[in-house]
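Q: Just passing along the structure, written as structure tokens.
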């Protein structure tokens, strides 16, 4: 039994250290500061409450609206498709909410085909001019992976962190650890 205990302790220590490193990356990137006067701002979609933004999405929308008011030449891209359990596309809810917060409809492009973060970027790139500066708005826990995806696709991207409501923190941080692992396994063609 003692021979088995030592490898188990080592394995658990390695796993703990790995997830601690991921957490530190997420926390560090979640403090990112967006550049001023970006050409485009992508608001990443997430689950809806019926035809209204969830509290998680509404934090992204509020953060985006503040930035857009301070940077009047920036064009917004509301990005998010319609999930199987959603009655409208996330992009349309983002757009409507931005307009309710005072953003002119002419400044908002909707991308409503995406169902994953990588698709948010790929489909949004159809509207982005080459060599443009891009700000991505998402919740703090999601910013590290989002920026990594944007950079991997060749975008000049900075992040704008939105708050994460407390009721989502444990679930979504843990889920993000797994999503980061999956992202890198796919990126390096391990899976």
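Q: Roughly what would the spin-label model give for residue 71 and residue 88, points 7 Å off Cα along C-beta, in nm?
A: 2.6
Q: Report the extension gain between residue 167 and residue 189 in nm, rounded to one decimal, defined as 0.36 nm multiplied by the number of residues separating them, less their alpha carbon distance.
A: Numbers: separation 22, 0.36 × 22 = 7.92 nm, distance 3.44 nm.
Extending this stretch completely gives an extra 4.5 nm.
Q: Helix-only estimate, please: 222 nm mean residue ellipticity of the chain, summing -39500 (n - 2.57) across DSSP H runs of length 4 or more and dividing by its residues, to the nearest 500.
A: Values: 6 runs with 95 residues, N = 191.
Dividing the helical sum by the residues of the chain leaves -16500 deg cm²/dmol.
Q: Working from Cα positions, state the angle (0 to 90°, nearest 10) between the long axis of helix 169-187 and the longest principal axis of the chain.
A: 80
Q: Quick check on the exposure proxy: order 13, 132, 124 from fewest to most C-beta atoms within 10 angstrom. Write out the running numbers ahead of the final one.
A: Working: 13 10, 132 15, 124 26.
Ranked by crowding around the Cβ, least crowded first: 13, 132, 124.
Q: Relative contact order of the stretch 46-167, please, whole-number percent, based on alpha carbon pairs below 8 angstrom and at least 6 residues apart.
A: Values: 192 pairs, mean separation 31.0, N = 122.
Computed value for the stretch 46-167: 25 percent relative contact order.
Q: Let me ask you something else. Once you sort the root eigenvalues of the Cα gyration tensor of the stretch 27-187 as a ≥ b ≥ c, which label holds: rounded (a/c under 1.5), prolate (a/b larger than b/c) or oblate (the other case)? It would help to have the intermediate numbers written out before the result.
A: Working: a/c = 1.33, a/b = 1.10, b/c = 1.21.
Here the stretch 27-187 falls in the rounded category.
Q: Still on this structure, please answer the following. For residue 175 and residue 156 in one chain, what is 0.36 nm times their gap in residues minus the Cα-Cα distance, to one decimal in nm?
A: Numbers: separation 19, 0.36 × 19 = 6.84 nm, distance 2.64 nm.
This chain segment gains 4.2 nm when fully extended.
Q: For the stretch 25-107, what does the relative contact order come out to in percent, with C-alpha contacts under 8 Å and a separation of six or more? Can you show the working numbers first?
A: Details: 107 pairs, mean separation 28.0, N = 83.
Computed value for the stretch 25-107: 34 percent relative contact order.
Just so you know, all these numbers are worked out from the coordinates, no wet-lab data involved. These figures come from a predicted structure and were not determined experimentally. No Cβ is skipped: glycine too gets one built from the backbone with ideal geometry, and neighbour counts run over all protein chains shown.
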